[in-house]
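In what follows, a single structure is set out as structure tokens and then discussed.
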Amino acid sequence: MARRTKKRHSAHNDAPETPEHMIDRVLGAFERWLAQREPDPQRFGDTAGIVRVACDMKSDYLGEPNPADWSPTSAAEVIGQVIPRKVVGVDDRYVATLVPAMLIYVEFLVVTGRWKPHNDADATRAALSGLGDDLPRRFADPGRLSMAGRLMQLAVDEGIDITEAGALDGFMQRYNDMPYEWRKRLTDGPGMLPHLPDNPILDDPGLWDEESDEQESDDDEIGELGAFGAEDILADLRATLDAGIAAIEFEVDRPLRITVPDARSELAALLGTPLLTRITALTEWTRPGRKVTSTGAMRRGDTAEWARRFGVVRTDGAAPNSMWDWPELAAPWSIAEAIGMIDISSTTVRPGPNSDVFATSDVPVQILCAREALDSLLDGLLHAGSDLPWIDDTVVGLLLAVLASLCRPDGADLSLLRSLAISVPHSTSADPAEHLPVDFPEDLSEAISRIVFTLVLGIVDQLQEWGFVATAEGRTYVPPALRPAVVQAIDDPDSPFSITLKAGAVPLEVPGEGSPGDTLL
């Protein structure tokens with residue numbers, strides 16, 4: 001007679017138990033155990049709901065699906081960091097119930113023999129109890145939420161029950177109908193550049209018209225600036241551009257000759273930059289497929305591992321909460337997707353259609369792909385830089401002049417421009433705090449100039465972090481072999497470049513390239 005064994009998954013006896021099934025099984029037992037000890041329906045529901053959220057998030061964001069495996073570190077991260085960042089619409093009672101609910105769950109795991117012996121139950125209890133006083137502050141932090149979290153919080157603030165089927169339809173339609181800049185301000189999440197601090201001059205509701213992004217010209221865009229006349233603002237913007245160009249001693253009408261090196265020299269320089277190095281490493285890691293979070297990011301454990309591999313260290317020693325909080329990881333990840341190196345679905349990242357491009361023998365195709373990566377980086381830095389749409393054209397205009405000047409044989413001296421900006425002295429640190437402004441002028445025209453200069457220099461500093469800009473003996477410059485990629489990224493028909501191609505060089509895809517003035521060496 002065969003010995004009978006207990007079947008845990010009757011539906012698929014021969015299949016391995018999935019994380020979802022394991023969580024459902026253990027939490028089902030917990031809810032039956034809790035029902036015998038908690039007669040109050042509200043407290044029962046709150047406790048069971050919190051424990052389920054905690055177990056789901058430990059699985060999704062830390063990559064730890066076992067609902068009985070709670071180390072002190074995991075407990076502190078899930079309750080103290082993940083839930084405050086991911087759960088919206090909570091009240092004081094919910095926050096006050098978090099730790100007690102988890103302590104009850106730890107008790108259940110211990111008394112029922114489910115607790116994992118490699119964890120110290122008392123240490124986990126202590127880690128949870130140590131969070132109690134600080135949790136209200138974490139939930140009150142306005143910067144705690146991701147972009148999706150901010151959007152859900154906006155819906156909750158409007159009184160929408162986001163758990164009700166179809167309840168979000170009208171809200172999402174209104175949100176999607178908003179101009180881009182409105183949506184960006186409402187849900188602005190981590191970017192590649194820090195945001196400017198609040199300032200009473202720029203926070204004046206009469207300073208600019210939020211519908212300006214739908215207008216077609218600078219004059220229309222600035223036409224409703226309230227107390228400040230449109231002509232005055234336009235004059236300040238033009239003066240800012242002139243002052244910035246003068247500070248870097250850039251001669252607009254003087255041609256700049258750019259020599260495109262042979263293909264292998266340019267490719268070696270591009271692949272040697274931190275940006276391409278990280279893109280290729282992350283692409284290789286995605287084989288044959290990796291789990292991602294609901295926002296398309298690496299999961300918590302993977303983020304920490306890649307931060308370690310890339311030597312990404314916060315000045316305060318903190319570990320990354322989300323990949324999107326770390327430009328050093330988020331930028332190559334996003335750019336890899338943009339250029340087809342990786343493909344991200346709702347749950348998984350896999351190699352993309354261009355994942356093997358740098359393993360081929362087609363050097364020109366490799367160069368075009370690497371140049372496109374820089375182009376995507378520059379686009380991202382520009383889009384992340386400003387919440388003031390009427391200032392964007394001036395930022396772009398000055399940035400193009402600065403990048404062109406950095407492509408000169410001797411580069412440019414940016415010290416005067418830095419002295420006119422509001423940022424602290426030049427720092428290549430990835431910590432946004434290193435770029436925060438100091439004193440802010442009360443005069444509007446000076447404020448505009450300093451904002452523009454700071455944004456432009458912030459982009460230059462980020463390009464230096466990614467290996468496309470260098471500094472030596474007080475001069476900042478783009479290394480010669482990387483200048484073609486920078487020129488192509490500028491992509492401006494008015495750029496003062498004259499292109500010279502060395503033998504075996506890959507031509508640039510820029511306006512005017514291939515004109516009679518170009519030469520082949």
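The values are calculated or read from the model by the stated rules, or taken from the named source; none is laboratory data. Note that the structure is a prediction, hence the values are computed from the model and not measured. Heads up, the Cβs are rebuilt from the backbone with ideal geometry, glycines too, and the neighbour counts pull from every protein chain shown. Please note that ligands, DNA and RNA were not included when accessible areas were found on the heavy atoms of the full protein model with its side chains. Shrake-Rupley method; radii C 1.70, N 1.55, O 1.52, S 1.80 Å.
List of remarks:
- Within the range 19-67, the set of residues being closer than 23 Å to P117 by Cα, open to solvent by less than 50 Å² (accessible area, probe 1.4 Å) and assigned to a loop (DSSP other than H, G, I, E, B) comprises G63, P65, N66, P67.
- Residues in the range 110-141 that are surrounded by 12 or more Cβ atoms within 10 Å (Cβ to Cβ) and among the acidic types (D, E): D120 only.
- Residue check, A121 without any contact (Cβ under 8 Å) to a residue 40 or more places away in the chain and in contact with a Leu (Cβ under 9 Å, 6 or more places away or on another chain): yes
- Residue check, R93 open to solvent by 30 Å² or more (accessible area, probe 1.4 Å), more than 11 Å from F139 (Cβ to Cβ) and among the charged types (D, E, K, R): yes
- Within the option set I104, I83, being closer than 17 Å to S129 by Cα and under 29 Å from the mean Cα position of the chain (by Cα) holds for one residue only, I83.
- Of the residues V452, V424, V460, V456, the single one that is exposed (fewer than 15 other Cβ atoms within 10 Å of the Cβ) and either modelled with pLDDT under 95 or under 20 Å from I391 (Cα atoms) (or both) is V424.
- Condition met for M341 (modelled with pLDDT under 90 and under 23 Å from the mean Cα position of the chain (by Cα)): no
- Selection status of G311, at pLDDT 90 or above, within 27 Å of I367 (Cα to Cα) and either open to solvent by 70 Å² or more (accessible area, probe 1.4 Å) or not acidic (D, E) (or both): no
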